[in-house]
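Have a look at the structure below before the remarks.
Bear in mind these aren't lab numbers, they're just calculated from the coordinates by the rules spelled out. Computed from a predicted structure; not experimentally measured. Methodologically, a virtual Cβ is constructed for each residue, glycine included, from the backbone with ideal geometry; neighbour enumeration extends over all protein chains shown.
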Amino acid sequence: PIIQLIIVSSVCCFVVGTYNIYYSLGDNSSISIWANIFLYASFSICSIVSGSVHNLLGPRISTLVGCVPYIIYVCFLWIYRDIDVAILPVIGAVILGAGASLLWTAAGTIAMAYPMESQKGRFFGIFWIMLNLGSLISGFLPFFPIKSNYVTIGFLCLMAFGLCQSYFLVSPRRVIREDGSRVTSKSRFDFKHEIRQIPKALLNKSILLLFPVFFYSNFYYSYRLGHFTHELFSERTVVFNIVSYWASQMLGAFTFGQYLDNPLCTRSKKAKLGLLFIGFFSTATWIGCLLMEFRYPDAATDPDSRLDLLDDSYNSSLVLVLLSGFSDATVQSWCYWMMGAMTNDSMVLSRYAGFYKAMQSGGTAVAW
């Protein structure tokens, strides 16, 4: 199981992680905003059935098909810079939303279904660390004095390398956990059974109760990586902030994953204390962001008043960026761990992973 996790994590590292940086460095123009709205709307709608599609296709094909639209979208954005056809980013965004639903469902299923119950926090921590490692590495590309076209080509090469790794994923039927149990006992896909299971899983009381947290779990990105980062800091500081943000997410996922696997606490107690911690920590970071807005009211309209990483007052802002990344990673960790605690069946968890991304992407679309 750990090998399969590392493979899908590496795929996401090079594909999603690289895309995260490319997207974070983009502008906040009306075209960009509308593209993101269509992207996450498409992502949300397609994710409702992505779990069932994943159960039909398996992780290898789902991951492969899910990676291709990321490359297509970056190519569309690259072309758009030269020919300025406004519909291109929107078309690419819709395609990406559909593909991303498959990739994230496959990755989420492996992270939740393949480990033993005592390893679920750690497995997600490994996945999230490797995912954000891609963002961390590719985030340094803009620091080099090379033309933007070559940076984009570099991004595309990294993403293509990640796509190729999906070939090494195997069927869940061939995966056996460390305790000897099988990830799934299903020998073949039953279409009628799958159709019946979608509403059953969607109306699961535990899943319904988690929907508000699911909705919030990506809601903050449009602000953290959009307005807050681009309108309060200088251009070079934006890149440094984004890299720092993803680095702190790695630490947050690892630390919180260790807590969630702690055998000294009951599962119920860990869930409640974890949610309480997330609530207080997230609130604190939002208050910090609000204070930053009050402290630099003219930064959005006056580039000269924006913070630079060499300013004496930058240190406190960097701490806020790091705490925000840490906090946001704990939300993701808690959500995946909660779903993984409900069942160990990969076919059920693939549906849960799809519903999670549906609500999460719906929240992101609303945020944009």
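A few notes on this one:
- Highest to lowest packing among 151-158, 129-136, 312-319, scored as the average C-beta count within 10 Å: 129-136, 151-158, 312-319
- Over the chain, Cα pairs under 8 Å with separation of 6+ residues give a relative contact order of 32 percent.
- Estimated D of segment 211-368 in µm² per second, where Rh is the Kirkwood radius over Cα pairs and Stokes-Einstein applies at 4 °C, 1.567 mPa s: 77 µm²/s
- Cross-link partners of LYS192 among lysines (Cα-Cα below 26 Å; sequence separation of 8 or more within a chain): LYS200, LYS205, LYS357
- Ranked packing of 335-341, 168-174, most packed first, by mean Cβ within 10 Å: 335-341, 168-174
- Prolate/oblate/rounded label for segment 17-108 (Cα gyration tensor, a/c 1.5): prolate
- Straight-distance crosslink candidates among aspartates and glutamates, where the alpha carbon sits under 13 Å from LYS270 and sequence neighbours closer than 8 are dropped: ASP261
- Per residue convex hull volume, Cα atoms of the chain, in Å³: 127 Å³
- The C-alpha atoms of the chain define a longest principal axis, and helix 235-260 lies at about 30 degrees to it.
- Degrees, to the nearest 10: 87-113 long Cα axis against longest axis of the chain: 50 degrees
- Anisotropy class assigned to segment 170-270 is prolate, per the alpha carbon gyration tensor with a/c at or over the 1.5 cut-off and a/b larger than b/c.
- Contour minus Cα-Cα distance for VAL170 and LEU323 (0.36 nm per residue): 51.4 nm
- Descending by average beta-carbon neighbour count within 10 Å, the peptides 159-166, 265-272 line up as 159-166, 265-272, the highest first.
- Phi angles across segment 36-53 convert, under the Karplus curve 6.51 cos²θ - 1.76 cosθ + 1.60 with θ = phi - 60°, into 3J(HN,Hα) values of 5, 4, 5, 4, 6, 5, 5, 4, 5, 5, 5, 5, 4, 10, 5, x, 5, 5 Hz, Gly and Pro given as x.
- ASP312/THR283 FRET efficiency (R0 35 Å; Cβ-Cβ; nearest 0.05): 0.80
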